[in-house]
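The values are calculated or read from the model by the stated rules, or taken from the named source; none is laboratory data. This structure is a prediction, so every number in the text was calculated from the model and none was measured. Note that each Cβ is placed from the backbone with ideal geometry, even for glycine, and that neighbours are counted across all protein chains shown.
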Ligand SMILES: Cc1ncc(COP(=O)(O)O)c(C=O)c1O
């Protein structure tokens with residue numbers, strides 16, 4: 001047995017069996033590459049599922065984290081800390097939002113948003129607290145977030161789910177309009193669905209949803225956990241569409257791999273939270289927020305957004321070329337460095353073959369392969385990935 005196999009065996013004995021894992025154990029990484037325990041090198045187009053925005057071992061991120069943890073890692077939210085305020089200032093200065101609530105994950109940031117929506121309904125004396133979410137969405141695994149997730153497979157065996165959340169088809173304004181009633185207080189959606197198969201919202205649809213929310217005083221809630229923080233080539237996905245939500249959830253890439261979540265809102269909605277209404281022990285701790293300031297600074301001031309746009313265009317071009325060549329690709333979708341190809345065959349074997357050839361890929365649903373590399377990816381690395389992908393497609397056709 002090699003070192004990877006030995007570690008996998010040890011892990012299976014002691015780690016709860018909630019993931020179907022690949023038989024790979026990673027040891028270290030640099031840039032967009034990661035090495036397993038036996039020294040096999042992988043080009044990583046998964047990036048911790050859209051988390052490692054600056055890749056592995058980014059010098060500025062590593063320096064900031066080590067500096068901060070020697071200074072102050074954590075104090076309670078009973079007090080202020082400079083990194084937390086700095087990150088909140090960076091995020092609000094570069095967005096339509098006025099206030100940030102920090103937490104530790106995507107699910108928690110969605111959960112915060114659901115609570116804010118219901119508090120908002122109470123504040124406004126609305127008759128109901130119902131939230132409309134989208135079919136094929138994914139919002140995380142806590143009870144509120146998983147209830148909002150519009151895929152039955154994630155609800156199995158968990159009944160009763162949270163009451164007052166219903167689902168309508170995505171990108172279908174008529175269906176949404178028919179579902180809104182006097183009990184609705186908010187509409188929740190991903191501007192680009194991730195887990196559900198990399199499906200961007202239509203601009204006109206989002207504009208109509210915004211107008212509907214304005215007309216009926218409903219909160220428009222965006223889950224940008226996967227598509228936010230630079231992945232689309234704009235700092236926030238809503239900026240691609242020019243449609244502002246009232247609140248939005250962020251996590252994943254925000255601190256480049258250090259666990260963080262952030263729910264941001266405009267003041268008109270944020271005032272629904274008062275002291276004592278919501279909290280998180282670790283939320284916004286000095287270590288995580290210091291890391292977040294490096295990521296946001298690189299995106300805004302370090303030219304990273306431009307790189308996402310450039311490499312995103314190259315990725316689209318390459319994927320469309322592969323679509324012309326390989327009939328098994330039925331669609332190419334996505335924005336920036338969040339793209340996917342839909343296949344006429346199951347994605348699993350193609351992903352497995354690519355991994356074997358040294359390219360880490362991940363699916364998004366049964367027949368979509370998703371591409372969410374680190375935002376620092378270069379043209380050369382993009383070309384290398386596409387060459388490996390082509391070989392896997394060639395084997396699969
Ligand atoms: C759009 C979206 N929302 C929420 C989540 C949940 O995030 P976390 O796993 O950090 O709780 C995810 C995770 O994939 C996601 O893609």
Of all residues making up the range 139-169, the number that are assigned to a loop (DSSP other than H, G, I, E, B), touching a residue at least 12 places away in the same chain (Cβ under 8 Å) and over 20 Å from residue 109 (Cβ atoms): 2
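Considering only residues that are part of a loop (DSSP other than H, G, I, E, B) and either over 27 Å from residue 341 (Cβ atoms) or at pLDDT below 95 (or both), which ones fall in the range 170-183? Spell out how you get there, then give the answer.
Step one: list which residues in the range 170-183 are part of a loop (DSSP other than H, G, I, E, B), which gives 170-172, 180-183.
180, 181, 182, 183, listed by residue number.
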Residues of the range 207-234 that turn out to be in contact with a helix residue (DSSP H, G or I) (Cβ under 6 Å, 6 or more places away or on another chain) and more than 16 Å from the ligand (Cβ to nearest atom), as a count: 4
Options 126, 115, 136: the member that is in a helix (DSSP H, G or I) and either more than 20 Å from the chain's Cα centre (by Cα) or assigned by TED's automatic domain parsing to the domain that holds residue 198 (or both): 115
Output for the range 242-275, where each listed residue is out of contact with any helix residue (DSSP H, G or I) (no Cβ under 9 Å at 6 or more places or on another chain) and touching a residue at least 40 places away in the same chain (Cβ under 8 Å): 266, 267
Residue, surrounded by the fewest Cβ atoms within 10 Å (Cβ to Cβ), within the range 101-112, restricted to residues that are within 12 Å of the ligand (Cβ to nearest atom) and outside any loop (DSSP other than H, G, I, E, B): 107
Qualifying residue in the range 267-286 (condition: out of contact with any strand residue (DSSP E or B) (no Cβ under 8 Å at 6 or more places or on another chain), in the same structural domain as residue 106 (by TED's automatic domain parsing) and in a helix (DSSP H, G or I)): yes
Pair list, Cβ under 6 Å, 6 or more apart: the range 72-90 residue over 24 Å from residue 229 (Cα atoms), other residue crowded, with 16+ Cβ neighbours inside 10 Å and at pLDDT 95 or above: 72/286
Residue in the range 188-198 that is more than 21 Å from the chain's Cα centre (by Cα), within 20 Å of residue 124 (Cβ to Cβ) and surrounded by 13 or more Cβ atoms within 10 Å (Cβ to Cβ) present: no
Single match in 186, 248 (criterion: in a strand (DSSP E or B) and within 12 Å of the ligand (Cβ to nearest atom)): 248
Matching residues in the range 259-269 - criterion: being within 22 Å of the chain's Cα centre (by Cα) and either surrounded by fewer than 20 Cβ atoms within 10 Å (Cβ to Cβ) or closer than 16 Å to residue 86 by Cα (or both): 259, 260, 261, 262, 263, 264, 266
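Between 98, 130, which is free of Cβ contacts under 8 Å to residues at least 60 places away in the same chain, over 18 Å from residue 294 (Cβ atoms) and more than 13 Å from the ligand (Cβ to nearest atom)?
Details: 98 fails: free of Cβ contacts under 8 Å to residues at least 60 places away in the same chain.
Answer to the selection: 130.
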